[in-house]
Amino acid sequence: MDKAAALRSNIGITMDPGKIDKAYELAKEAYQEIGVDVDAALKQMRNVQISVHCWQGDDVMGFEGDSGALGNGLAVTGNYPGRARNIDELQSDLEFAYSLIPGRHRLNLHALYGDFPTPVDRDEIGVEHFRGWIDWARGQQIQLDFNPSYFSHPHATDGFTLSHADAGIRQFWIDHGIASRKIAAAMGEAQDTPCINNFWVPDGYKDTPADRKAPRERLAAALDSIFATDLPAEHTLDAVECKLFGIGSESYVVGSHEFYMGYAISRNKVLCLDAGHFHPTEVISDKISSVMMYVPELLLHVSRGVRWDSDHVVTYTDELQSILQEVVRGDYLNRVHIGLDFFDASINRVAAWAIGTRNTLKALLAALLEPTQQLQQLELEGDYTGRLALLEEQKTLPLGAVWNHYCQQAGVPAGADWLGLVRQYENDVLSHRDRNPTLVG
């Protein structure tokens, strides 16, 4: 990106490219000693696209105007300066964030991020409200994913949308889902690759319900109405996302894992697993190989819950590594879509994108550099001693040297050099937004 390139020129890169090359050659030899083809791993890396979520840039506010405070199970904490207040600012921040991340990645949009020059309720949104995003994405060579927005709306204040007992409110949200599918299909057609359209609803009860059955029956019927019209699979794929509990729905969530697992299997839909949507002692890495036996494709929302579904910025945790290991070990890269879902307003929002996306890619690289074939062969032969020994030895191989080489080859900062660029962008761009509060739009 031109803006980031200019900043790099002004600040300078602190890591020595020559030293990066030398470290990479040594690392390559070390991996070759355990049978890992580093060149093949990097080739696979270049073909993987992460779907970066737009809502980190503005604290899930969207551009509908004065639509009220964020709610329905969602909360963003912090007041770090520089939040994007309109589409131009959000696109500028995204362009800069992408310039810090190796590879060519996607953008995940929520329905409340359309261009609405005049107020439009969610059951009436159309492709015209996202034409600007489609054109921008084409210019940036970025592909789009989409989500209907079943939250932060007067028709969701009691915690129910598609499973609402009121048929009129339920129909409003059905119409929103139908409109969203048309938008996603238009995006997919424009970019010649399917736009993943993910359905998550916050519906549930704070306290123990007397009837768990009826809301789930209404939700299934509402989803069936939304999906009644077949849309070309080459344009859009429908995904459904489960959740164990949320703020205001601690005791009962209509769209549980069991509900959506059954729905995805019976309706041939993509299943979405969010890393923060389960019990704190439960991990989605253990679910991947099971669900992939029964659903056509899987969408991952890579996040980080701390004690609850708090959507912290993704860090290089054991679970992150396990998630990507399962995707690679199962040879699922052609059936798994990797998206991000976190929002933190206590730190620089562009930095949050860079940290979370780069960590996800690092974990993917680590999985691709694992001696998977050798490990699985040892396991098949019953040599669990050898399996454990190799698993532990490969953990200390020089992943960082390969990562820095990958970044250098992709033309993005290696190591922590990206942070200086973010600080300069904050000084030149983000810090001025709070001095011009009238630019909100």
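The values are calculated or read from the model by the stated rules, or taken from the named source; none is laboratory data. None of the values given here were measured: they were computed from a predicted structure. Here the Cβ positions follow ideal geometry from the backbone for every residue, glycine too, while neighbour counts run over all protein chains shown.
Summary table
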item	result
Single unsatisfied condition, residue 90 versus (1) in contact (Cβ under 8 Å) with a residue 40 or more places away in the chain; (2) crowded, with 16+ Cβ neighbours inside 10 Å; (3) within 25 Å of residue 190 (Cα to Cα)	(1)
Selected residue (only one of 354, 345 is in contact with a Phe, Trp or Tyr (Cβ under 6 Å, 6 or more places away or on another chain), at negative phi, in a loop (DSSP other than H, G, I, E, B) and among the small types (Gly, Ala, Ser))	345
Search result, residues across region 69-128 that are among the small types (Gly, Ala, Ser), in a loop (DSSP other than H, G, I, E, B) and over 26 Å from residue 239 (Cα atoms)	69, 78, 82, 84, 99
Among the residues listed as 103, 126, 139, 168, the single one being on the phi > 0 side of the Ramachandran plot and surrounded by fewer than 21 Cβ atoms within 10 Å (Cβ to Cβ)	103
Pairs where the first residue, in region 316-332, is within 19 Å of residue 305 (Cβ to Cβ) and the second is surrounded by 15 or more Cβ atoms within 10 Å (Cβ to Cβ) and among the aromatic types (Phe, Trp, Tyr), C-beta under 8 Å, 6+ apart	326/332
Single unsatisfied condition, residue 41 versus (1) outside any helix (DSSP H, G or I); (2) at pLDDT 95 or above; (3) of a type in the set (A, V, I, L, M); (4) in contact with a helix residue (DSSP H, G or I) (Cβ under 6 Å, 6 or more places away or on another chain)	(1)
Residue match in region 352-365 (condition: surrounded by fewer than 19 Cβ atoms within 10 Å (Cβ to Cβ), touching a residue at least 24 places away in the same chain (Cβ under 8 Å) and of a type in the set (S, T, N, Q))	no
Selected residue (only one of 310, 256 is of a type in the set (Ser, Thr, Tyr), under 22 Å from residue 53 (Cβ atoms) and in contact (Cβ under 8 Å) with a residue 12 or more places away in the chain)	310
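Yes or no, residue by residue, for (1) β-branched (Val, Ile, Thr); (2) crowded, with 19+ Cβ neighbours inside 10 Å; (3) over 28 Å from the mean Cα position of the chain (by Cα); (4) part of a loop (DSSP other than H, G, I, E, B):
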{"site": "217", "(1), (2), (3), (4)": "no, no, yes, no"}
{"site": "230", "(1), (2), (3), (4)": "no, no, no, yes"}
{"site": "233", "(1), (2), (3), (4)": "no, no, no, yes"}
{"site": "237", "(1), (2), (3), (4)": "no, yes, no, no"}
